Structures are given as structure tokens and as C-alpha cells.
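Student: Here it is: the structure, laid out below.
The values are calculated or read from the model by the stated rules, or taken from the named source; none is laboratory data. Keep in mind that what you see is a predicted model, and the values were worked out from it rather than measured. Here the Cβ positions follow ideal geometry from the backbone for every residue, glycine too, while neighbour counts run over all protein chains shown.
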Amino acid sequence: MIKYLADDSHVRTLGRSLFHNNIRYLSWSCSGVEFVFTGTEVTAEIWTDWVMDEPWKEIFQGYAAVFVNDSDEPYLRFPVKSGVNSYNIYKSDKAETVKIRIVKLSEAAFDKLGIVSISADGEPSPTLPLKRRMEFIGDSITCGFGIEGESEEEHFQTKTQNPYINYAAKTARSFGAEYNLISWSSIGVYSSWCDDDSSGLPNNGWIMPMLYDYTDIGLEGILGFESHIPWDFGSYVPDVIVINLGTNDVSFTKDIPERLEGFKRAYMDFLTHIREKNPHSHIICTLGMMGNELFHAIDDAVKDMNDSRIYALEFDVQQKEDGIGSEKHPNRVTHHKAAQKLSRKIAEVTGWGYNNSFFD
């Protein structure tokens, strides 16, 4: 087998990623690479920074999945061991032309991955991009936090995190669209999650407006970069942008009028900035799976924007009878219902058709 770099001549990148020192770095949920090759076997050499000692190592270990020929079921799903290791990701008894997709399942907050090389008995080449493009901006819900957890009492583990089956990825695939997930657990627009608001100030040291303009600020710190790398908004122009933020802001706003007004102002400022960077996109502002307390503020913000291509959509709050995922997060049933509702809204505003079989 011959060793190849995961560069643009051999793979198509999925989501925001960074190619640095000949390594393709993946951090965001559902970021990855895709390629086609003719042969019998592929191995990938993958690096991760996650080296925390037991017992936390297994709880927050990085996970990846491999999909073959557009199947929605993973051919392989595996934890990524610390350091650089080689993984056999595809093998067949006979040579054939195969499409391979490597996807990061664990979220950016816990681990970073780097594809050091891809070895195959046939040269990989990048697949063609899809015509439709979507972007999802969110928090732990968009990361697929706890989606495969057995109960709300179960503590978080990366092995029960699966963004590939969440509302965002499912919606995008129902339209045959590419998708980027810009998501981070506990993050907000005005205030990220706070257990103690006694200072009277929002927890705004790490909020989504700080991350959005850059390829991957979290990864930069791990790699020791001295300056931030701006995201090239011209490299990926989404037809549809979905914002699902506010679930964590409510830990600070607490129905206090001046804080609610602060949230609304911050939300409108972020919307204005997103519109500046994406002048022609449809923007859908959502909230509700884990609580809809701030939806009225989002709805008011959308109305005050006076932009005919910005919309508000309230998701249904998760129901006990559908089951609840880890740490009270939505499970796959709730995500499925949200994807149905969101797909109908996207079809309404874009005129696109979508694949109903995703929701059978």
C-alpha cells in the first residue's frame, strides 16, 4: 500500500478543518474527509491530543466513524487512542471502486484529531461537492450530546455522543446537502452556562460570537498558534443557516427583564454579523428541545431584524414518553422529530424537496 496525505488533491474536506504541517486536523462535530479509490484496503494514521489520566480518559475519549458508499450506517465506529496510531478502516476481498467517509463524532470541546496519512492500494481522490449547503450553529444539542444515552440520570460520555444522527445532520442529509456544524457544549450567545450568577454578569468568556469568524480557535491553542486563523467564508457558502442557541443563556437570564433585553441585543448583534458574512443565506433561528424560555426573545429579535430571509422556528420540548438522553439532553427520538419539523420549514422557504424516507 502507498501512503498519501489528506490534502486537497486526495480528499474532500467535510466541515471546517485545518491543514497544517501536512496533517489534516479535525475538531468540529461531523467534520471529516471523503474520498473515492479503487482497491481492497485502506488504513488511516490518526493523531489525537487526548491523554487525560484515568478515569476521565475513557469518558472523554475521541471517537470517529467510517461510512462506505453513502450508507447511513457506519462501517466502523472506533475510539481514537492517544498519540498517533494506525487504524484499518476498510478491507475487501476484491478490488472495487469505493467511496470512504471518515467523520469525527466527538465534539471540539474534548478532543482534536489529525489525519496524518491515508494508506491504500489505490490512489484516493476527492469526491465531488454537493450542490446544496447548510450550516448549523449551536451548543451541546448540535454536538449530539447524550443522544445515545439510556436515561437522563446517565452522565455524559463521548461514546454516547453522536452528531451524525442528530437533528442537524439528519435534516441536511434528507435534502442531500453538505453541512458544517459549528457547535460547542455549554456555549451561548450572551452567556454560556453558569452555575453561579451572583456577580450579576454574564459568563461571556467563551461564547459563540467569539468563535464564528475563525476556522477553529480551540484547535489553535492546542497547536500553539500565536494568532487566529480567519475562516474563509467564500470557501463554503451555505444556502441555509440554522442557529440553535439560547439553551445555555437561560441559566443567566432567568426571566430577569434587563438580562432578557441583554440577550436579545446580543442575539440581534450576532444575527447582523452572520448576515454580513452570508448575505444571501436563509437563516432559521430555532430553540426549544430542552426548553423554550427564551424563544419569545428570539422571535422578537427576528421580527426586529426586518429581514425577509430570517425566520424563527420553535422546536417542541422533549417529552418523557419519548425518553431522555444523558444529563437531560434530547435523545434520538426528539432529534428525529426536530429534524422533521426543521425539514418542513426549510422546504417551505427554499422550495426544495426532501427525502421523506429519513422520517419513516
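Student: Consider residue 352 against the criteria (1) in contact with a helix residue (DSSP H, G or I) (Cβ under 7 Å, 6 or more places away or on another chain); (2) within 19 Å of residue 142 (Cα to Cα); (3) not in a helix (DSSP H, G or I): it satisfies all of them except one. Which criterion is unmet?
Tutor: With respect to (1) in contact with a helix residue (DSSP H, G or I) (Cβ under 7 Å, 6 or more places away or on another chain); (2) within 19 Å of residue 142 (Cα to Cα); (3) not in a helix (DSSP H, G or I), residue 352 is out only on (2).
Student: Does residue 102 qualify as being surrounded by 17 or more Cβ atoms within 10 Å (Cβ to Cβ), touching a residue at least 60 places away in the same chain (Cβ under 8 Å) and within 19 Å of residue 30 (Cβ to Cβ)? Lay out the reasoning, then the answer.
Tutor: Details: surrounded by 17 or more Cβ atoms within 10 Å (Cβ to Cβ): yes; touching a residue at least 60 places away in the same chain (Cβ under 8 Å): yes; within 19 Å of residue 30 (Cβ to Cβ): yes.
Yes: the conditions hold for residue 102.
Student: For segment 233-262, what are the residues that are free of Cβ contacts under 8 Å to residues at least 60 places away in the same chain and of a type in the set (A, V, I, L, M, F, W, C)?
Tutor: Across segment 233-262, the qualifying residues are 233, 250, 256, 260.
Student: Among the residues of segment 270-296, what is the count of those that are without any contact (Cβ under 8 Å) to a residue 60 or more places away in the chain and in a helix (DSSP H, G or I)?
Tutor: 6
Student: Yes or no: residue 299 out of contact with any Lys or Arg (no Cβ under 7 Å at 6 or more places or on another chain) and either assigned to a strand (DSSP E or B) or under 13 Å from residue 245 (Cα atoms) (or both)? First the steps, then the outcome.
Tutor: Details: out of contact with any Lys or Arg (no Cβ under 7 Å at 6 or more places or on another chain): yes; either assigned to a strand (DSSP E or B) or under 13 Å from residue 245 (Cα atoms) (or both): yes.
Criteria met by residue 299.
Student: Mind telling me which of the residues 191, 198 ends up being modelled with pLDDT under 90 and assigned to a loop (DSSP other than H, G, I, E, B)? Step through it out loud before you land on a result.
Tutor: Values: 191 fails: modelled with pLDDT under 90.
Going through 191, 198 in turn, just one is modelled with pLDDT under 90 and assigned to a loop (DSSP other than H, G, I, E, B): 198.
Student: A further question follows. Could you check how many residues of segment 121-154 are touching a Lys or Arg at 6+ places or on another chain (Cβ under 6 Å) and at pLDDT 95 or above?
Tutor: Narrowing segment 121-154 to residues touching a Lys or Arg at 6+ places or on another chain (Cβ under 6 Å): 126-127, 147, 152.
Now narrow it down to the ones that are at pLDDT 95 or above: 126-127, 147.
So the answer is 3.
Student: Report, by residue number, each residue of segment 45-78 that is at pLDDT below 95 and surrounded by 15 or more Cβ atoms within 10 Å (Cβ to Cβ).
Tutor: Those that are at pLDDT below 95 and surrounded by 15 or more Cβ atoms within 10 Å (Cβ to Cβ): 48, 49, 50, 52, 60, 61, 62.
Student: Quick check on segment 130-149. Is at least one of its residues over 17 Å from the mean Cα position of the chain (by Cα), farther than 25 Å from residue 240 by Cβ and touching a residue at least 12 places away in the same chain (Cβ under 8 Å)?
Tutor: yes
Student: Return the pairs, sorted by first residue and then second, in which the second residue is among the acidic types (Asp, Glu), the first residue lies in segment 305-320 and is surrounded by 13 or more Cβ atoms within 10 Å (Cβ to Cβ), the beta carbons are less than 7 Å apart, and the residues are 6+ apart or on different chains.
Tutor: 312/299
Student: I'd like the full set of residues that are under 30 Å from residue 358 (Cβ atoms) and without any contact (Cβ under 8 Å) to a residue 60 or more places away in the chain, limited to segment 36-66.
Tutor: Result: 64, 66.
Student: So if I check each of 183, 199, 174, which one is within 28 Å of residue 268 (Cβ to Cβ) and touching a residue at least 40 places away in the same chain (Cβ under 8 Å)? Step through it out loud before you land on a result.
Tutor: Values: 199 fails: touching a residue at least 40 places away in the same chain (Cβ under 8 Å); 174 fails: within 28 Å of residue 268 (Cβ to Cβ).
Exactly one residue qualifies, and that residue is 183.
Student: Looking at this structure, is residue 233 over 27 Å from residue 133 (Cα atoms) and either assigned by TED's automatic domain parsing to the domain that holds residue 278 or in a loop (DSSP other than H, G, I, E, B) (or both)?
Tutor: Values: over 27 Å from residue 133 (Cα atoms): no; either assigned by TED's automatic domain parsing to the domain that holds residue 278 or in a loop (DSSP other than H, G, I, E, B) (or both): yes.
Here the answer is no, as residue 233 does not meet what is asked.
Student: Here's a follow-up. Output the residue which, of all residues in segment 247-271 that are loosely packed, with under 14 Cβ neighbours inside 10 Å and closer than 30 Å to residue 336 by Cα, is farthest from the chain's Cα centre (by Cα).
Tutor: 255
Student: For segment 115-155, enumerate the residues that are among the hydrophobic types (A, V, I, L, M, F, W, C), part of a loop (DSSP other than H, G, I, E, B) and buried (at least 19 other Cβ atoms within 10 Å of the Cβ).
Tutor: Once the filter is applied, which keeps residues that are among the hydrophobic types (A, V, I, L, M, F, W, C), part of a loop (DSSP other than H, G, I, E, B) and buried (at least 19 other Cβ atoms within 10 Å of the Cβ), segment 115-155 yields 141, 143, 145, 147.
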